[in-house]
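Notes follow the structure.
Each reported figure results from applying straightforward, stated rules to the coordinates on display, with no laboratory input. Every value quoted in this text rests on a predicted model; they were computed, and no experiment measured them. Neighbour counts run over all protein chains shown; Cβ positions are idealised from the backbone, glycine included.
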Amino acid sequence: MPTLGAVPLDFRDLAPAAHPLERLPEEWADVLAAWGQPRYRGAQVFRWIHQRGVFDAAEMSDLPKALRAQLVDEGLDGSLPLGVAKEHRASDRTRKLLVRMGDGADVETVLIPQLEKDPDVDEEDRDTDRGVGLRPSDTVTQCISSQVGCAMGCVFCASGVAGLTRHLSAAEIVGQVLLGRCRLEPSERLRNVVLMGMGEPLHNYESVARVLVLLTHPDGIGLSTRRVTVSTSGLVPQIDRLGRDFGGQVQLALSLHAVSDERRSAIMPINRKYPLSELVECLRRYPLPKRRRITLEYTLIRDVNDDPREADALAALMRGLPVKVNLIPMNPIAESELAAPTWKGVERFQAQLRARGLTATVRKQRGAEVDAACGQLALQGPDGERRARTRRLPVAKG
Ligand code: SAH
Ligand code: SF4
């Protein structure tokens, strides 16, 4: 049975690996044992792929020659089921990769250097919330996509407006990290992976669960489970399953965005299926480890959800739950006229949350000039044209 750090996982329910890139060491061992090889070679092959980033078995120098040839025939010939079609680099070193799948479907993944204090800036001139006096560090967070488009239809989100084209396979999701790692600078290190790109990760549960095991496997990329974040619009049964399967170890981020059912349903149709009362109950039973908190993402939209009274209601709704709030001033999308509040409005909302005893940070806009900010992971074709349908979005204001 695969294990995830100290957490034993029962993956008998998961669909079998469909591609060599998504096989776990134990699954490689099964394949190799059937070829008459010792089982320990399974971990060897896995390490070559996931730890060392070698996809051509011909280069796996500690394997017998005949086995290398057999693995090449099996598909480990250096090719991947996805590739980087375009790379945009912003001045803050944020890199957005347009990743093209075998069938031509495009998604995006973003490499985001974490910010650190710039020692050349005086302490009194620094404003951490606004990102003033900070500089990009060598510690990188990668944001990855889990679907082509998204079925959830949130009105403020480019992926939601486009609708779902298809799920990504585990190989296509983990492949984004393998490709991203090749593009790190020598001094940079991948520390966090967030499933906050295109798509609703928990709508593609089977593949995402497999990816979580692949990313955190000690013989592979070896990320700490705490450093992998699944962001969800609130699919209650799948949040429960995630909690069960991973013992609450994976970091959970819930996209809240509104604190009344009326308002939330108007901007996030999924709320009609899983209303706030069910969502809050679900968060209460999430098996969160001690001293850890659930992240609440709250995209601030002018005149829709930015009234400081909503901050009061948020605090009341979440009373007794270990949460921290991450405020995201809405990034403009071509398909909607909705917009962020003024900076003063953002500060007012943050101050109100803090006055109610909640930790509240403002997400710094990174890579905006390359359209790589949250919700802007739009469907752009090779010619740069938006493929998303353009329509006016009805939304209850005020
Ligand atoms: N589907 C998942 C994860 C992908 S979206 C989810 O919804 O949580 C990642 C985050 O970006 C979510 O919190 C989402 O609400 C937010 N987001 C989407 N569009 C945005 C926009 N235009 N501006 C700011 N944040 C946005
Ligand atoms: Fe999907 Fe998340 Fe966008 Fe909503 S915000 S449409 S759930 S990607």
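Note on residue 117 and residue 40: the model spin-label points, each 7 Å out from Cα along the C-beta direction, lie 4.9 nm apart. With a cut-off of 12 Å on the backbone N, the residues of the range 100-124 near the modelled label site 7 Å out from residue 185 along Cα-Cβ are 113-114. Only Cα sites of the chain enter the Debye sum here, all with the same form factor; the resulting log10 I(q)/I(0) across q = 0.07, 0.08 1/Å is -0.33, -0.43, listed in q order. List the residues of the range 147-182 whose backbone N lies under 18 Å from a point placed 7 Å from the Cα of residue 278 along the Cα-to-Cβ direction. From the range 147-182, the list is 151-154.
For the range 8-74, the spread of Cα coordinates along the three principal axes comes to 35, 26, 20 Å, biggest extent given first. Per-residue Cβ neighbour counts within 10 Å put 286, 205, 40 in the sequence 40, 286, 205, beginning with the fewest. Using only the alpha carbons of the range 83-190, what is the convex hull's orientation-averaged projected area in square nanometres? With every direction weighted equally, the projected area is 8.2 nm².
Quick one: 35, 28, fewest Cβ neighbours within 10 Å first, how do they rank?
35, 28
Note on residue 52/residue 356: beta-carbon distance plugged into 1/(1 + (r/R0)^6) with R0 of 35 Å gives a FRET efficiency of 0.10. When both the range 264-295 and the range 151-213 are represented by their alpha-carbon centers, they are found 21 Å apart. Beta bridges assigned by DSSP with both partners in the chain are antiparallel in approximately 50 percent of cases.
Only helices enter this figure: runs of n ≥ 4 DSSP H residues, each worth -39500 (n - 2.57), summed and divided by the residues of the chain, yield -7500 deg cm²/dmol at 222 nm to the nearest 500.
FRET efficiency for the pair residue 100 and residue 343, taken as 1/(1 + (r/R0)^6) with r the Cβ-Cβ distance and R0 = 41 Å, rounds to 0.65.
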